[in-house]
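Asker: Before I ask anything, let me first share the structure, which is written out below as structure tokens.
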Amino acid sequence: MVPSLTDARLIDILQNYLRVLQGNPHAEEMMAAVLTEDFATGFVGGFTWSGIDGLRDFLSQREGFFDELHKIEELCERGAAKNGDVEARTRLRFFLRRWQSPSPVSEEFTGACFHLWRVRDDDGEWRVAAQMVERFEDLNDNAERLFATPDAGLNN
């Protein structure tokens, strides 16, 4: 029997997903650790990556980022999806750093992001089924360029 999903436990599950992501895992490692097999990520109304192949592509587009921090600041709302998943909307702050040759300095990407999440009880364990970006705010210039075309994915 799965314990009830309190708001605090929900945030822990989502923050754990972000911790795993910040560790630059392989797709298989991330899928086994925190995701459902039909996991989807992307932009609401825009580009979406799904399943293991989509996750591989998504992670490959994130290659080169290091010194990451994603911190959920607010659980804006939560509810139940028609299929029984738990849906949540959050606001988080992010910081990413990337260095690309031949630049003498790294680039920083900062801002706030609003996500729509779905989590699912998978044989007694809560796992992330979806992480979809709804919108951004307070982006610096680098983040503005990176996320400029949500219907195309990331602008690397």
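Asker: Given the conditions (1) open to solvent by less than 20 Å² (accessible area, probe 1.4 Å); (2) touching a helix residue (DSSP H, G or I) at 6+ places or on another chain (Cβ under 7 Å); (3) more than 25 Å from residue 97 (Cα to Cα), report the number of the one that residue 38 does not fulfil.
Answerer: (1)
Asker: Return the pair list, or none, for Cβ contacts closer than 7 Å from residues in region 13-33 that are part of a helix (DSSP H, G or I) to residues that are open to solvent by 40 Å² or more (accessible area, probe 1.4 Å), at least 6 apart or on different chains.
Answerer: Pairs found: 13/126; 20/33; 27/52; 27/56; 31/52.
Asker: Restricting to region 1-11, give me the number of residues that are surrounded by 15 or more Cβ atoms within 10 Å (Cβ to Cβ) and either at pLDDT 95 or above or outside any loop (DSSP other than H, G, I, E, B) (or both).
Answerer: Our first condition is that a residue be surrounded by 15 or more Cβ atoms within 10 Å (Cβ to Cβ); within region 1-11, this holds for 5, 10-11.
Adding the requirement that they be either at pLDDT 95 or above or outside any loop (DSSP other than H, G, I, E, B) (or both) leaves 10-11.
Going through region 1-11 one residue at a time, the tally reaches 2.
Asker: Can you list residue pairs whose Cβ atoms sit under 8 Å apart, with the first residue in region 131-156 being more than 24 Å from residue 38 (Cβ to Cβ) and of a type in the set (Phe, Trp, Tyr) and the second being in a loop (DSSP other than H, G, I, E, B) and at pLDDT 90 or above? Count only pairs 6 or more apart in sequence or on different chains.
Answerer: Hits for this filter: 147/139.
Asker: Restricting attention to region 108-135, report how many residues are modelled with pLDDT under 95, on the phi < 0 side of the Ramachandran plot and open to solvent by less than 60 Å² (accessible area, probe 1.4 Å).
Answerer: Residues that pass the stated criteria total 0.
Asker: Okay, next question. If you take the residues of region 84-105 that are touching a residue at least 24 places away in the same chain (Cβ under 8 Å) and among the small types (Gly, Ala, Ser), which of them is most open to solvent (accessible area, probe 1.4 Å)?
Answerer: Going through the qualifying residues, I end up with 84.
Asker: Could you look through region 67-83, keep only residues that are open to solvent by 60 Å² or more (accessible area, probe 1.4 Å) and either among the acidic types (Asp, Glu) or on the phi > 0 side of the Ramachandran plot (or both), and pick out the one that is modelled with the lowest pLDDT?
Answerer: 67
The values are calculated or read from the model by the stated rules, or taken from the named source; none is laboratory data. Small disclaimer: the values here were computed from a predicted structure and weren't measured. Here Cβ is always computed from backbone atoms with ideal geometry, including for glycine, and neighbour counts include all displayed protein chains. Side chains are part of the model used for accessible areas, which takes the heavy atoms of the whole protein and leaves out ligands, DNA and RNA. Shrake-Rupley method; radii C 1.70, N 1.55, O 1.52, S 1.80 Å.
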